[in-house]
Every structure is written in C-alpha cells, then in structure tokens.
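What follows is a short report on a single structure.
The values are calculated or read from the model by the stated rules, or taken from the named source; none is laboratory data. Please read all numbers here as calculations on a predicted model, not as lab measurements. Backbone-built Cβ (ideal geometry, glycine too); neighbour counts: all protein chains shown. Just so you know, the surface numbers come from the protein's heavy atoms only, side chains and all, with ligands and any DNA or RNA stripped out. Shrake-Rupley method; radii C 1.70, N 1.55, O 1.52, S 1.80 Å.
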Amino acid sequence: MSNVFLSRSLNVIDDFSISERRYFFGKVQELKNAIISNDEKGMDKFRINDPDFGIYEVFLEDSTRTKESFRNAAEFHHAKVSELLSSSSSINKGESYADTFNMLSGYHNTIFIVRSRVEGLTRWLSEECGEYAKRNSLPYKPAFINAGDGKHEHPTQELLDEFTFLEDLNMDFSSIHIALVGDLYHGRTVHSKADGLRIFDKVKVDLIAPDELMMPEAYIEKMKENGFEVNIYPSIEAYLKNGDIAKLWYFTRPQLERMGERILQKQEILREAITFRRDFLPYLKEGTKFYHPLPRHKEHPTIPTWLDKTELNGWERQAINGMYCRIVLLSLIGGKIGDDYTPVPGEHDEDRRTEEYIIRVEPSGEKKTKNYSEGVRPITDGIVIDHICKGDTPGEIRDHMRLISSVLGLDEGRGGEWISRGSDGQYKGIIFRPGCRPFERKDLKRLAAVAPHCTLNIIRNGRVEEKYRIHMPPRIYNFDDLCCQNDACISHPSNGEGVPAAFYRTPDGHFACAYCGKFHTFKEIWKKRP
Ligand code: NCD
C-alpha cells in the first residue's frame with residue numbers, strides 16, 4: 001500500500017484527518033518509549049538516516065521551542081539540516097516567497113519548516129514549489145510544515161498539545177473538557193484547537209478571556225459547528241465562581257507584539273483576568289493539569305513560577321513532547337514510517353468537491369406560463385435572475401444586485417432590477433436583462449459565487465426554456481476579481497505576492513479563504529469596486 005503521509009504538507013491541523021492524527025499519537029507514544037528506555041532499535045525504526053535528506057528551517061518570526069525542537073528532531077534523523085537567515089536573505093531585496101523557496105527546493109531539500117507573519121504562506125508554497133519540482137524534474141516533491149503563521153494556526157503545536165492531553169487522559173479519545181485561558185484573540189495555538197480537538201468524540205471547551213482577548217467569532221462558530229459545547233467567561237475568577245471547572249487548563253501568553261495601542265494601554269487589567277493566583281488553588285479539582293505552549297513572560301507569567309514544582313505542572317512535559325512529536329512528523333512526511341496506516345475513505349473533503357451546485361430543473365414542472373416582464377413588456381428573449389438575497393433588507397438587496405451586475409458583466413444594455421415582497425413578507429431581488437448574451441458554464445459559476453440560492457431563467461421566444469437553481473459552490477477559484485479581506489493573508493494584494501484568491505464553502509454557509517481560513521460571506525469575497 002502507498003504511504004499517504006509521504007511528502008504531505010501540514011498547513012492547518014485539519015490537513016491530517018482524525019484517524020491520521022490518532023495513528024500519529026500512537027507512533028509518538030512508541031517513539032517516546034523507545035527514547036526513554038534507550039532502545040536504539042526502536043528509535044531506528046523512525047530514523048530517516050540519510051545525510052542527503054534536506055530539512056530546511058525558515059523562521060521569519062522569533063521562536064525558541066518550535067525552532068529548536070524541530071532542529072533537534074531533524075538531527076535525530078541524521079539528515080542535512082539547514083537554516084535560512086531571514087535577516088540577510090533576498091526576501092529583503094523584494095524577492096517573492098515563491099522565488100525564494102523554489103530555489104531552496106532545487107538545492108535538494110525535501111521538508112521545509114516555516115514560521116511567518118503571513119497567513120497561509122505554507123499552503124501557497126506547497127502548491128508553487130510542487131509545480132517548480134515538476135518543471136525541473138526534481139526527484140522529490142517538497143513538503144511544507146507550518147510552524148505558526150500570524151494569528152492563524154500552529155498545527156505542530158496542536159499535535160504536541162493533544163499528545164500531552166492524551167497522556168493525561170490515558171490515551172482515551174472519548175471525551176475532553178478543557179479550559180482555554182489567556183490571549184484567545186491573537187493566539188494561533190488556541191485557534192488550531194477549533195479543529196484540533198475533533199480527535200475527541202465529545203468536547204467541552206471553556207473560553208476564559210476578557211472581551212478584548214476573546215477568541216474571534218469565526219473560531220467559536222467553528223467549534224460549535226464541530227459539535228463542541230462552548231462556554232465563555234471573562235476571567236479566571238468568574239470561571240471559578242460560576243463554571244463547571246475543567247481538570248485540563250491551557251494557558252496562553254498575552255501576545256503584546258500583535259496588539260494595537262488601544263489594547264496595550266489596558267494590558268495590566270487584561271493580564272490580571274487571565275493570571276493564576278494562589279487563592280484560586282482551593283477551587284481546582286483533584287488531578288488538575290495546566291499546560292502552556294510557552295514562552296511565558298519572566299515578569300508577568302500567566303502561570304506563576306511557584307507552580308513549577310506542583311502536580312499542576314503539565315507544561316514542561318508538554319514542551320519536551322514537542323521534540324518527540326516533531327521527530328515522528330518528519331518520519332511520516334519523509335516516508336520512513338506510515339506504511340501500516342490504513343486510510344479511512346471519505347475523510348478528506350476532496351470528496352465533496354465534485355458536487356454539483358448548478359441544478360437544471362424543468363421549467364414545465366413550474367408555473368409554465370410565468371411571464372417575466374421588462375417593466376411594461378414581457379421578455380421574449382433574455383435572462384431573469386430571481387430570488388436574490390431573499391430575506392435581506394431592500395437596501396442590502398439593491399447594493400448586492402449592483403455587485404452581481406458588475407461581477408457578471410451585465411452593466412451594459414437594457415433591463416433593470418427590482419425588489420418584490422413575497423406573501424411571507426420577505427423581500428427578494430430580481431434582475432432582468434432582455435436580449436442578454438448567452439450564459440455559459442463560466443457565467444453560471446460566477447453567478448453561483450456571487451448570488452447563491454438564486455434561480456436563473458433563460459427565456460427564448462417568450463418562454464422559460466431553461467431554469468437553474470443555483471447553490472453555494474464548494475470551491476471558488478480562478479476568477480481574477482476575488483479577494484480575501486484579511487491583509488495578513490498571503491493572497492491579499494497588499495502582500496504583492498500575486499497569489500490568486502480561492503475559497504471553499506464552510507458547513508455553515510460561509511466562504512473560508514483557502515490560505516488564511518478567514519470566513520467571508522458571498523458578498524465579501526470580491527475586490528472592492530470603485
Ligand atoms: C507560541 C507561538 O509562537 O505561537 N509558542 C510556541 O510555538 N511554543 C505561542 C506564543 O508565542 O505565545
């Protein structure tokens with residue numbers, strides 16, 4: 001059987017399916033046991049053991065643990081380990097990330113570990129460098145590991161966090177109850193938990209942070225969509241007084257470097273809400289464990305140092321587990337292990353990407369004689385787009401119809417828009433264009449992206465000859481007027497990398513950016529128009 005892990009990139013935690021992650025944790029346990037018992041044979045099963053196997057670290061943002069644990073993990077493999085010093089690289093001469101990494105791929109490097117402020121960078125690089133490798137007949141496909149991208153995700157931290165929780169839960173996947181405390185707004189390690197914790201069958205998450213540091217709504221939504229029970233508390237104190245207190249607590253540091261002036265002014269009050277105090281101890285349950293991705297601030301740690309020598313300390317083992325997890329990850333991506341994994345069909349969402357979302361229906365089954373009029377005269381030839389933005393206000397519908405017209409190039413010629421109110425009291429928009437050019441597949445795709453849930457009628461000789469119900473497409477790409485609204489995203493035009501925007505549909509009917517994951521409505525995915 002082929003190894004499904006070979007040359008895989010890990011951009012977000014969900015790039016590995018639930019059963020792949022569960023398999024991974026089993027392997028980490030195996031390796032950890034081998035290392036602890038000094039079992040060389042056991043360790044060798046994981047070792048790539050090839051001095052030509054190139055592992056490249058590129059840290060464009062500061063790091064100690066992630067960078068050093070990966071470097072030590074790479075050295076465990078007896079591989080070639082290199083580091084790009086960003087401060088003296090050509091990125092500072094205006095070179096694109098794609099050009100820089102393409103080149104490094106060409107120098108016989110197979111796995112790249114990348115940390116950056118730019119969100120979605122490794123996803124883009126895995127696509128670009130894959131093409132580069134093909135063009136240049138390289139004997140390998142470079143794989144990318146996201147070691148933290150802006151406020152987005154930190155999938156390898158997620159793996160080591162989960163492994164550590166699992167150790168304390170006797171490797172039982174049936175349920176987890178965890179409190180996430182701290183800077184939930186900026187912290188990418190907690191953002192990765194929205195999908196990461198899906199490895200557990202039942203999940204209860206208590207979010208503890210003042211408003212300014214609360215987790216962005218999109219991640220809370222995602223947690224709920226994933227079936228998690230989510231509770232919110234403004235401070236540790238409020239949680240201890242009112243909450244059903246979890247035994248696992250995951251702390252994060254206030255990420256001052258990512259905060260604006262307004263929040264920085266309030267840092268002391270904010271810090272107080274998320275810092276553990278001695279008088280909180282009696283409220284904790286027997287067997288409670290604290291975790292922290294680290295670093296913690298030497299003067300203002302949210303987990304005070306007097307807790308280091310207590311049973312609560314789970315964060316030191318967690319950081320050590322980081323190296324074990326990263327050894328196993330390199331081993332899998334490098335193809336040394338993974339042959340014995342049996343893929344679970346349907347676990348990767350490529351399966352739903354072929355789904356049809358433009359459904360042709362028989363106009364004869366409907367009101368056959370329905371006449372769409374062009375104000376005064378019935379339309380004999382042309383198109384009518386009906387049911388636009390049903391339920392929105394007339395103002396919103398009017399604005400959006402303007403966007404639809406411009407996205408579909410319907411601004412020229414005759415016709416118009418109107419808003420009607422149905423018997424259910426809801427408003428909807430209608431666009432009609434007599435004598436309109438024929439609609440091709442590409443137009444239908446654009447229509448689905450800009451006006452999902454509408455109906456398209458193609459009228460010839462005074463009759464509705466073709467009728468389509470338009471649903472939300474599972475993916476949108478290849479249109480040059482798309483734009484992710486997150487300026488930290490690799491695909492945002494302000495980054496100048498020329499990355500075409502792409503989106504995929506989320507279960508709750510949003511479009512998530514394929515790179516940075518930001519949620520958009522179908523109205524928000526377009527370049528701003530003058
Ligand atoms: C975190 C990170 O960089 O996202 N640290 C880590 O990787 N261990 C958290 C942080 O910087 O606060």
TODO: For the chain, build the charge dipole from Cβ charges (+1 Lys, Arg; -1 Asp, Glu) around the Cα centre, then report which of 328, 96, 34 sits farthest towards its positive end.
DONE: 96
TODO: Please label the shape of the range 369-463 as rounded, prolate or oblate, based on the square roots a ≥ b ≥ c of the eigenvalues of the alpha-carbon gyration tensor (a/c under 1.5 means rounded; beyond that, a/b larger than b/c means prolate, else oblate).
DONE: oblate
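Could you please put 296, 475 in sequence from largest to smallest accessible area, using a 1.4 Å probe?
Working: 296 65, 475 95 Å².
I get 475, 296, largest accessible area first.
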Open item on the list: Relative contact order for the range 384-530: what percent, with Cα pairs under 8 Å and sequence separation of 6 or more?
Closed with: 18 percent
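Heavy-atom accessible area per residue, the chain, 1.4 Å probe: how many Å²?
Working: 23990 Å² over 530 residues.
I get 45 Å² per residue for the chain.
Run the helix sum for the chain: -39,500 (n - 2.57) per DSSP H stretch of 4+ residues, divided by residue count, reported at 222 nm to the nearest 500 deg cm²/dmol. Display every interim value, and only then the final one.
Numbers: 15 runs with 153 residues, N = 530.
Computed ellipticity for the chain at 222 nm equals -8500 deg cm²/dmol.
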Open item on the list: Compute the helix-to-body angle for 65-76: its Cα long axis versus the longest principal axis of the chain, expressed 0 to 90° and rounded to tens.
Closed with: 70 degrees
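Any idea what the relative contact order of the range 244-296 is, in percent, if you count C-alpha pairs under 8 Å spaced at least 6 apart? If you can, show how the numbers build up before the last one.
Values: 33 pairs, mean separation 38.9, N = 53.
Computed value for the range 244-296: 73 percent relative contact order.
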Task: Peptide ranges 221-228, 384-391 listed from the most packed, as the mean C-beta count within 10 angstrom indicates - done: 384-391, 221-228
Task: Protection-proxy order for peptides 408-419, 238-249, each taking the mean of Cβ atoms within 10 Å per residue, highest first - done: 238-249, 408-419
TODO: Measure nothing but the geometry: give the 0 to 90° angle between the long axis through the Cα atoms of 121-135 and the longest principal axis through the Cα atoms of the chain, rounded to 10°.
DONE: 80 degrees
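Explain nothing, just the number: relative contact order of the chain, from Cα pairs under 8 Å at least 6 residues apart, as a whole percent.
Values: 992 pairs, mean separation 74.3, N = 530.
In percent, rounded to a whole number, it is 14.
Would you mind classifying the range 207-272 by shape? Square roots of the alpha carbon gyration tensor eigenvalues, ordered a ≥ b ≥ c; an a/c under 1.5 is rounded, otherwise it is prolate if a/b is larger than b/c and oblate if not. All intermediate terms of the calculation are to be shown ahead of the outcome.
Working: a/c = 2.31, a/b = 1.37, b/c = 1.69.
It comes out oblate by the Cα gyration axes.
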TODO: Sort the range 69-161 into rounded, prolate or oblate with this rule: let a ≥ b ≥ c be the square roots of the eigenvalues of the Cα gyration tensor; rounded if a/c is under 1.5, and if a/c is not under 1.5, prolate when a/b is larger than b/c, oblate otherwise.
DONE: rounded
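Tally the DSSP beta bridges in the chain and give the antiparallel ones as a percent, rounded to 5.
Around 50 percent of the beta bridges assigned by DSSP in the chain are antiparallel ones.
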Task: Inter-part distance where the range 156-188 and the range 62-86 are each reduced to a Cα centre, Å - done: 24 Å
Open item on the list: Which cysteines in the chain lack any other cysteine whose Cβ sits under 4.7 Å from their own Cβ?
Closed with: 129, 325, 389, 436, 454, 483
Task: Degrees between helix 394-407 axis and first principal axis of the chain (Cα, 0 to 90, nearest 10) - done: 90 degrees
Task: Whole-Å distance, taken between Cα centres, linking the range 486-530 and the range 190-223 - done: 22 Å
Open item on the list: Can you compute the charge dipole magnitude of the range 1-99 about its Cα centre, using +1 on each Lys and Arg Cβ and -1 on each Asp and Glu Cβ, nothing else charged? Give it in debye, rounded to the nearest 20.
Closed with: 340 debye
TODO: For the chain, build the charge dipole from Cβ charges (+1 Lys, Arg; -1 Asp, Glu) around the Cα centre, then report which of 504, 345, 318 sits farthest towards its positive end.
DONE: 504
